[in-house]
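Worksheet: the structure to be examined is printed underneath.
The values are calculated or read from the model by the stated rules, or taken from the named source; none is laboratory data. Remember, it's a predicted structure, so these values are computed and weren't measured experimentally. Positions of Cβ are backbone-derived with ideal geometry, glycine not excepted, and every protein chain shown enters the neighbour counts. We work out accessible area using only protein heavy atoms, side chains counted, and drop any ligands, DNA or RNA first. Shrake-Rupley method; radii C 1.70, N 1.55, O 1.52, S 1.80 Å.
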Amino acid sequence: MKKKVLFIDRDGTLVIEPPVDYQLDAFEKLEFYPKVFRNLYFIRQKLDFELVMVTNQDGLGTPSFPEETFWPVHNLMLQSFKNEGIEFDNILIDRSFPEDNAPTRKPRTGMLTAYLQNPDYDLPGSFVIGDRATDVQLAQNLGCKAILLQPDKSTLAGSGLEDTCVLATTDWDRVAEFLFAGERTAEVCRKTKETDIRIRLNLDGNGTCHIDTGLGFFDHMLEQIGKHGGIDLDIHVDGDLHVDEHHTIEDTAIALGECLHQALGSKRGIERYGYCLPMDDCLCMVALDFGGRPWLVWDATFTREKIGDMPTEMFLHFFKSLSDSARMNLHIKAEGTNEHHKIEGIFKALARSIKMAVRRDIHHFEIPSSKGCI
């Protein structure tokens, strides 16, 4: 079997990068990245990645960064990891300045030729983990994927590196979860004589939404699922709105439910249940169970014929179709006088309930059912 590698940056990834001079040259500057110990230990114990530290240390060995100030702190860092059961298979340090344009300096691959030219390594199955765009560029140069330790991919905008970066997060828990359990994405294309629908979602996203159903209010409601559920949602619908709104709303619910079902996969490690009770001038209660058995209990009434361009009679139909397609048990109750707030509260409560139910625990990675399957 080919070997896979995690090429891990040091400053800003394993340890906090010192501000101002960006040099870790004193013991008082040494601060480890939050949660890095327990998660790298988990990765080392549970997965088969080699761990390779790859770091640029500008001018190491010159008067601007003497070796005698670097090695004591660096060695303490390595010993701290070793004490926690984490040893690196290789440590690669480039000492050049950026203006030297050295072939060994990240994102160039001069330090990594042993991996590039070695058929024993599975580079497409390997990852670069780092906090800068240059780390993502290194991954692209190696033919790897990248995990970026940033809140989002905004630092990559316009660089052509977005597809190389498969995860952006500042949480090492998420890094370990992603490497251990994989990404939870799905895409469903559904085409009938009445609608042409494409939906893509990422359950572990950042709430980024691109939604166009042709119905403005429906778009607004669907966006609540993404934003408040932390789900990346791309929904594009071309429906027979010249007839009416029915097929567009119903078929979107069917496709979205199927997308949720596919993304959840085996459901191993998930919480399974979710509930939420948001209140403003309206009380909206949603409880759900991704237990594989579709059912809807609906207790909400609307007196207006439409809210925006969406018929209120389609609310029940949307959630029934979503429940059936996602194979989930769904209970919804809403009270209040403002009907816009009431249905928006339901969608927000659904989003928060989904977010709770799909949360994974990789340390208890079991099917959440006494039957052993869902």
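How high is the relative contact order of the chain, in percent, with contacts defined as C-alpha pairs under 8 Å that are six or more residues apart? Could the numbers behind the result be given before it?
Details: 765 pairs, mean separation 48.6, N = 374.
Normalised by residue count, the contact order of the chain is 13 percent.
With each run of n ≥ 4 DSSP H residues scored as -39500 (n - 2.57), what mean residue ellipticity at 222 nm is computed for the chain after dividing by its residue count and rounding to the nearest 500 deg cm²/dmol? Could the numbers behind the result be given before it?
Values: 9 runs with 118 residues, N = 374.
Estimated from H runs of four or more residues: -10000 deg cm²/dmol.
Need one number: nm distance between label points at Leu277 and Lys371, each 7 Å from Cα along Cα→Cβ, rounded to one decimal.
2.9 nm
Can you give me the C-alpha center-to-center distance between segment 218-273 and segment 85-114, rounded to a whole angstrom?
Their Cα centres are 44 Å away from one another.
Search the structure for amide H atoms under 5 Å from the amide H of Gly291, placed 1.01 Å from N in the peptide plane, and list their residues when 5 or more places away or on another chain.
When sequence neighbours closer than 5 places are left aside, the close amide H contacts are Asn329.
Report which label in [x] 0.97; [y] 0.94; [z] 1.07 holds the value of Rg/Rh (Cα atoms, Kirkwood Rh) derived from the coordinates of this structure.
[z]
Between Phe65, Phe315, Phe37, find the one with the highest GNM mean-square fluctuation for the chain; connect C-alpha pairs within less than 10 Å.
Looking only at Phe65, Phe315, Phe37, the largest GNM fluctuation is found for Phe65.
With springs connecting C-alpha atoms under 10 Å apart, model the chain as a Gaussian network and identify which of Arg190, Arg132, Arg304 has the largest mean-square fluctuation.
Greatest mean-square fluctuation among the candidates belongs to Arg304.
About the Cα centre, and with charges only on the beta carbon of Lys, Arg (+1) and Asp, Glu (-1), how big is the dipole of segment 208-291? Nearest 20 debye, please. Mind dumping the intermediate values first?
Working: 4 positive and 16 negative charges, 133 e Å.
In total the dipole reaches around 640 debye.
Size of the dipole of the chain about the Cα centre, Lys and Arg at +1 and Asp and Glu at -1 on the beta carbon, nothing else charged, in debye to 20? Present the calculation step by step, with values, prior to reporting the outcome.
Working: 41 positive and 59 negative charges, 253 e Å.
The dipole of the chain has a size of about 1220 debye.
Under the rule a/c < 1.5 gives rounded, and otherwise a/b versus b/c splits prolate from oblate, where does segment 97-213 land using the Cα gyration tensor? Let's see the in-between values first.
On the way: a/c = 2.18, a/b = 1.97, b/c = 1.11.
Since a/c reaches 1.5 and a/b is larger than b/c, the shape of segment 97-213 is classed as prolate.
For a quick protection proxy, order the peptides 161-167, 125-131, 223-229, 151-157 by their average other-Cβ count within 10 Å, most packed first. It would help to have the intermediate numbers written out before the result.
Working: 161-167: 17.7, 125-131: 22.9, 223-229: 21.3, 151-157: 14.3.
Final packing ranking: 125-131, 223-229, 161-167, 151-157.
Measure out, as a whole number of angstrom, how far apart the alpha-carbon centroids of segment 356-374 and segment 1-78 sit.
Taking the Cα centre of segment 1-78 as reference, the centre of segment 356-374 is 34 Å away.
If packing is taken as the average count of other Cβ atoms within 10 Å, what order do 26-36, 250-260, 196-206 fall into, highest mean first?
250-260, 196-206, 26-36
So how strong a dipole does segment 1-131 carry about its Cα centre when Lys and Arg Cβ are +1 and Asp and Glu Cβ are -1, to the nearest 20 debye? Mind showing how you got there, number by number?
On the way: 14 positive and 21 negative charges, 126 e Å.
Magnitude of the dipole: close to 600 debye.
Which of rounded, prolate, oblate describes segment 212-264, given a ≥ b ≥ c as roots of the alpha-carbon gyration tensor eigenvalues and a/c under 1.5 marking rounded, otherwise prolate only if a/b is larger than b/c?
Values: a/c = 2.66, a/b = 1.51, b/c = 1.76.
Because a/c hits 1.5 or more and a/b fails to exceed b/c, segment 212-264 counts as oblate.
If you take every residue apart from Asn141 with its C-beta less than 13 Å away from the C-beta of Asn141, what net charge results, scoring Lys and Arg +1 and Asp and Glu -1? Intermediate results must be reported in sequence, preceding the final value.
Details: positive: Arg105, Lys106, Arg108, Lys145; negative: Asp135.
Summing Lys and Arg as +1 and Asp and Glu as -1 gives +3.
Hey, what's the chain come to in accessible area per residue, 1.4 Å probe, Å²?
Working: 17140 Å² over 374 residues.
Per-residue accessible area for the chain comes out at 46 Å².
If you take the Cα atoms of segment 237-363, find Rg, then find the Kirkwood Rh from the mean of 1/r over all pairs, what is Rg/Rh? Display every interim value, and only then the final one.
On the way: Rg = 15.0 Å, Rh = 15.1 Å.
The Rg/Rh ratio comes out at 0.99.
Tell me the carbon and sulfur percent of the accessible area for the chain, rounded to whole percent, probe radius 1.4 Å.
49 percent
Normalising by the residue count of segment 124-195, find the relative contact order in percent from Cα pairs under 8 Å and 6+ residues apart.
Numbers: 91 pairs, mean separation 17.1, N = 72.
Over segment 124-195, the number comes to 24 percent.
So how far apart, in nm, are the two label points at Ser64 and Arg359 if each is 7 Å from Cα heading toward Cβ?
Placing both labels 7 Å along Cα→Cβ, they lie 4.6 nm apart.
At 0.36 nm per residue, and after removing the present C-alpha to C-alpha distance, how many nm does the segment from Asp234 to Val166 gain when stretched out fully?
Roughly 22.8 nm would be gained on extension.
When only Cα pairs under 8 Å and 6 or more residues apart are kept, what is the percent relative contact order across segment 243-363? Display every interim value, and only then the final one.
Values: 226 pairs, mean separation 49.2, N = 121.
Here the relative contact order equals 41 percent.
For segment 57-134, what's the radius of gyration and Dmax over Cα atoms, in angstrom?
According to the Cα coordinates of segment 57-134, Rg and Dmax are 14.8, 40 Å.
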